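Notes follow once the structure below has been shown.
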Amino acid sequence: MSGIPLIIAFVIAIILMIYAISKLKIHPFLSIMAISLIFAIVAGIPLAEIPNVIGTGFSNTFKSIGIVIIFGALIGTLLEKTGAALKMADIVVRLVGKKNPELAMLLMGWIVSIPVFCDSGFVILSPIRKALVKRTMKSSVASTIALSLGLYISHCFIPPTPGPIAAANTLYTGANQDVNLLLVIIFGVLASILPLIASYFFAIWIGKRVKDREELGESNEGQIVQTYEELVASYGKLPNAWLSFAPIVVPILLMALSSALAMAQVNIPIITFLGTPIIAIGVGVLFALYVLATQKRTGDFYELTNETLKVTGPILFITAAGGVLGNVIANTTMVDFIKENSTALAAMGLMFPFLLSAILKTAQGSSTVALTTTAGIIAPLLTSIGLATPELIALTVIAIGAGAMTVSHANDSYFWVVTNFGNMKVEDGYKTQTLGTLIAGIASLINVYLIYFFIR
């Protein structure tokens, strides 16, 4: 099969995959693997070659990204369990001030979610949010949505969060280039500016129009609320600021130094070694482990590692399945056909990965699945659609991330975390979280294009 029939078959395959995940509740790993196999057969890849195509796509993904995802998630777990994430949040509050709870929660969420999953980040920062609301007597909903969107933006944009790491590795590997996580981090930070601004004003606006259950005077009996002071006390003494930020900042500095020396054509082997993403994030793990040691909790390290592996396992397998689909696509004639007829797709540019990611996100709920699956699909097509330079690949990661936050609704676990911990009705969750992620996603896309105009 080739040409237009193959494109139609591919579209049908994607629709079936979304249907299997969202409606039939088949796990994304199995759904993507099954669709990859079916599409390989339909596309006419020789049956004897299909096992090797699937195996290669799976193993290459694990080889390039597995350790990085595990290390990144482990940093997040250690920062969360030691109270370092709370310390980072406390510093943001001090800088912004308690009189600006929406801005404080927005920036706090954005920083904390760089290493910590947005779901966990929202839970551990909720006591601070509630304390700020009580102290300032401002809208609870406004601070809830500000925190939610701040967490979500960095969750979808900035490594070492697993989704962007996985997407970056898939795309750079697909283009046969060295992975440039530093560039992804820089673009992720820059692309956060407009959505953060849009999220702040949306939070203020929606806070005047929607109230939580407590503000509506509805009963909230049975809910056990841990105060900020009680939460801090549960950790004992929080780590100091330098130690709290080191597991994130040090890897970034190492990768930045290595990249700077490479651009200056200066070869210092030890710096090149330490600046490799796996090693740099591994150094971050050592700093996080030191934070654990200062809390005299090294005995918990085994259990925390085990807990992290349970969380990252599904992410790794889904990412690898996305790599399988990408390799299947690469072994069909679809890539050659698109190359021959690439004008329309090239004209779409960054809009194509954004829309594909947004469709996947809205349909099945998981931002990580949307990021990894879209990256797997786009990787073989990068050259065809004119996005094959290191800078444009990094920006493609961000465009996919922008789509992956558009939109959060009932099929997204994060929607329920925000709605329940924000003490809101379900219908108000749609007015706040769903609408907010739509606005943040659109603002992110605009920001992506602004960066594109400067680097093209």
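FYI, it's all coordinate maths here, none of it is from the lab. Fair warning: this is a prediction, and the values are worked out from it, not measured in the lab. No Cβ is skipped: glycine too gets one built from the backbone with ideal geometry, and neighbour counts run over all protein chains shown.
Quick notes
- Between segment 164-178 and segment 6-53, the C-alpha centres lie 22 angstrom from each other.
- Summing +1 for each Lys or Arg and -1 for each Asp or Glu among the other residues whose beta-carbon sits under 15 angstrom from that of residue 311 gives -2.
- For segment 161-221, trypsin sites (Lys or Arg not before Pro) meeting the loop criterion (DSSP other than H, G, I, E, B) and having at most 14 other Cβ atoms within 10 Å: 208, 209.
- The alpha carbon convex hull volume per residue for segment 277-391 rounds to 140 Å³.
- Computed over segment 263-408: relative contact order in percent, which uses C-alpha pairs under 8 Å that are six or more apart: 26 percent
- Ordering 56, 372, 161, 308 by the number of other Cβ atoms within 10 Å of each residue's own Cβ, fewest first, gives 56, 308, 161, 372.
- FRET efficiency, 1/(1 + (r/R0)^6) with R0 60 Å, evaluated for residue 216 and residue 178 via beta carbons: 0.65
- Cα long-axis angle, helix 277-294 against the chain (0 to 90 degrees, to the nearest 10): 20 degrees
- The angle separating the long axis of helix 390-404 from the principal Cα axis of greatest extent in the chain is about 60 degrees.
- Note on residue 27 and residue 63: their simple-model spin labels are 2.5 nm apart, each label 7 Å out from Cα toward Cβ.
- Ranking of 156, 118 by neighbouring Cβ atoms within 10 Å, starting from the fewest: 118, 156.
- For residue 262 and residue 307, a Förster radius of 41 Å and the Cβ-Cβ distance give a FRET efficiency of 0.70, rounded to the nearest 0.05.
- The relative contact order of segment 403-452, computed from alpha carbon pairs under 8 Å that lie at least 6 residues apart in sequence, is 47 percent.
- Given (i) 47, 28, 18; (ii) 42, 23, 20; (iii) 36, 26, 20, the label whose value is semi-axes √(5λ) of the Cα gyration tensor in Å derived from this model: (iii)
- Take every pair of alpha-carbon atoms less than 8 Å apart whose residues are at least six positions apart; their mean separation over the length of the chain yields a relative contact order of 24 percent.
- Note on 416, 110: ascending count of other Cβ atoms within 10 Å places them as 416, 110, the fewest first.
- Where GluC sites (Glu not before Pro) in DSSP loops with at most 12 other Cβ within 10 Å are excluded, longest remaining stretch of the chain: 222-456
- Calculated from the alpha-carbon coordinates, segment 67-188 shows an Rg and a Dmax of 15.6, 54 Å respectively.
- Between helix 84-96 and the chain: long-axis angle, C-alpha atoms, 0 to 90°, nearest 10: 70 degrees
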